[in-house]
Structure formats: structure tokens, C-alpha cells
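Just so it is clear, none of the values below were taken in a lab; they were calculated from the coordinates. Quick caveat, the model's predicted, so the values are computed rather than measured. Cβ atoms come from the backbone with ideal geometry, glycine included; neighbour counts cover every protein chain shown.
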Amino acid sequence: MPINYEPLYEEGVEHETIPHDARSQPEFIQVPPGGRVEDVVINRIPTTTQPRVLNVTLGGEPKVEVVAPTTAVLDADRAKDKLEVLEKRLRAIEGGSSHEFEDAAGLCLVPDVVIPPKCKVPDFEKYKGTTCPKSHLTMYCRKMAAHAHNKKLLIHCFQDSLGGVALNCYMHLEPTRISSWKDLVDAFLKQYKYNMDMASNIMQLQNIAKKSSETFKEYTQRWRELAAQVEPPLYEKEMITMFIETLQTPFYEHVLGSVSSNFSDIVTIGERIEHGLKTGKIAQGSPAARC
């Protein structure tokens with residue numbers, strides 16, 4: 001053997017015994033000067049699993065007997081496994097591959113959810129993370145009343161009621177942390193707690209004023225929307241009194257002179273005053289008069 005010759009066998013690998021007939025019929029190979037024995041031998045590996053004896057001539061050097069590796073050395077399965085590992089690493093480096101979407105069930109927040117054959121998901125007003133989360137949960141549960149006892153379906157369909165950043169947050173929830181409807185509710189309320197903290201209070205309602213660019217009806221709608229967010233909810237009489245206190249002249253005097261206890265009646269009176277101002281029948285700053 002040449003001094004620098006290294007065997008092709010891997011350390012720690014058991015090798016098959018060379019059959020006698022394989023040794024008796026060696027194959028002679030000429031390796032060109034500067035060539036590598038390993039390259040030549042590996043190119044001569046047979047497709048069968050039987051080992052072979054190769055007599056290799058290195059330039060002018062004496063013949064060297066080499067045993068061509070069998071599947072015990074270059075195992076096809078191990079080579080395939082290594083190739084798959086390399087492919088996964090390449091996909092991870094390159095990014096944007098579809099490999100992470102191969103397991104569709106693993107992407108579901110509730111993998112074993114069962115959707116009834118005739119289940120029709122209602123149309124929801126999309127929650128986008130800017131309003132009270134409690135109000136949205138109440139709306140969702142009421143629309144899903146027919147499936148209120150199917151907690152897994154409630155979790156699965158909740159994504160249909162979300163939009164924008166709220167939907168993005170849902171998609172990033174870890175299935176291991178959402179094992180019940182309560183877990184999802186807690187996560188949702190925690191995420192948008194700041195909207196509850198910013199909910200309108202009585203002082204805010206008292207400081208609202210009608211804009212010159214909006215109609216009386218538009219103002220009442222804006223005011224009612226904010227009033228609906230007050231906790232605890234206001235009674236009808238409380239809202240009417242508080243709303244009248246936000247009005248300016250001449251609306252304040254005319255509405256104050258009415259005897260209505262219904263908010264919708266207040267809106268009607270305000271629209272009449274607005275029409276009277278446009279037609280000149282009511283002058284700005286006119287004294288109070290009953291409508």
C-alpha cells in the first residue's frame with residue numbers, strides 16, 4: 001500500500017466479507033498521474049450489493065488492491081436522508097418556501113374541529129382593533145347562538161369576525177396556548193384591553209359639541225355611539241339630560257322647552273330647529289320658544 005493511502009471504508013461501519021469468487025476475478029483500473037484513487041473507485045461502484053476487488057495502477061506505481069464499497073459503506077437510504085436535511089436547510093435559508101404549509105392540520109388553531117354539514121357562518125362586522133373588544137365578543141356570541149355549545153367551532157369561526165391587524169394577531173396565536181374558548185377570550189381581551197381603558201366616560205360626553213360642518217342628526221348619531229361605550233350603561237333619561245346640556249344656542253333653548261322623554265323625539269325636534277334656521281323662521285340667538 002502507498003504510504004499516504006487512506007481506505008475508503010468508514011470507521012465504525014461493519015463491512016461484508018469479500019466472496020472468494022470476487023477476489024479471484026479482479027478488475028484492473030489505470031489511474032492517470034495526479035488522479036485520486038477514491039474518485040476512480042467510486043465511479044466503478046456496481047449497482048448490485050456485492051463487493052468487488054479492483055486492482056488499481058497509480059501511474060508507474062505498483063498495483064494496489066482496493067475493495068469497492070458496497071451498500072454497507074454508501075448506503076442509499078442514509079444518502080437520501082442527508083439530502084433531505086440539506087434541502088430543508090436550503091429552504092430555511094432561502095425563505096418564502098411552501099414547506100411550512102405542507103401540514104395543513106398543524107396550521108389550524110383547533111386541528112380536530114368538526115364543522116357541521118349544514119353550518120353557515122353568519123356575516124360579521126369585522127373587528128379591526130379600534131373599538132371595545134367586549135362589545136365585539138357579545139356581538140359574535142349572539143350571532144353564533146346556534147353553535148354556542150360547540151366551543152371548538154366558536155374558536156375556529158372567530159377569525160371570520162376579524163379584519164386588519166386583529167386578524168393578523170389571531171393568525172399568530174399558538175395552538176398550544178389556546179385549548180378552550182376561554183383561552184381565546186382571555187387572549188383577545190388582553191390584546192385589546194387598552195380600548196376598554198380608553199372607552200368613553202361621562203366627562204367626555206359632557207364636553208362634546210356639535211361641529212359646524214355636521215347636521216343635527218349626524219351629531220346625535222356620533223354622540224350616541226360614544227354614549228354606548230360608557231360603563232356602566234346610561235339610562236335613557238340620563239342620556240337625554242346629558243345630551244341637551246351639550247347643545248348650543250338656539251338648539252339648547254328650543255329643545256329644553258320640549259317635554260319629550262324619548263331620545264328619538266329629541267332628534268326630531270332638533271331637525272325642525274335646523275330647518276327653521278335654514279329658512280330664516282328661527283333666528284340665531286332667538287329667545288326660547290316651544291316647538
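Under a Cβ-Cβ cut-off of 10 Å, what is the net charge of the residues other than residue 163 that fall near it, where Lys and Arg count +1 and Asp and Glu count -1?
That sum, taken over residues with Cβ under 10 Å, equals 0.
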Computed lengthening from residue 196 to residue 142, 0.36 nm per intervening residue step minus Cα-Cα distance: 17.4 nm
What does the charge count around residue 186 come to, taking other residues whose C-beta lies under 12 Å from its C-beta (Lys +1, Arg +1, Asp -1, Glu -1)? +3
Would you mind checking the pairs 190/210; 126/151; 88/152; 126/190; 152/193 and listing those with alpha carbons more than 26 angstrom apart? 190/210; 88/152
Lys and Arg at +1, Asp and Glu at -1: neighbours of residue 146 with Cβ under 11 Å from its Cβ sum to +4
What shape does the stretch 122-180 take by its C-alpha gyration tensor, where a ≥ b ≥ c are the square roots of the eigenvalues and a/c under 1.5 counts as rounded, a/b above b/c as prolate, and the rest as oblate? oblate
List residues of the stretch 114-157, by number, whose backbone nitrogen lies under 11 Å from a label position 7 Å along Cα→C-beta of residue 204. 131-132
Test of the criteria: in the stretch 111-174, which trypsin sites (Lys or Arg not before Pro) are in a DSSP loop and have at most 14 other Cβ atoms within 10 angstrom of their Cβ? 118, 120, 126, 128
Residue 258 paired with residue 279, simple spin-label distance in nm, labels 7 Å along Cα-to-beta-carbon: 1.7
Just rank 254, 147, 275, fewest to most, by other beta-carbon atoms within 10 angstrom. 275, 147, 254
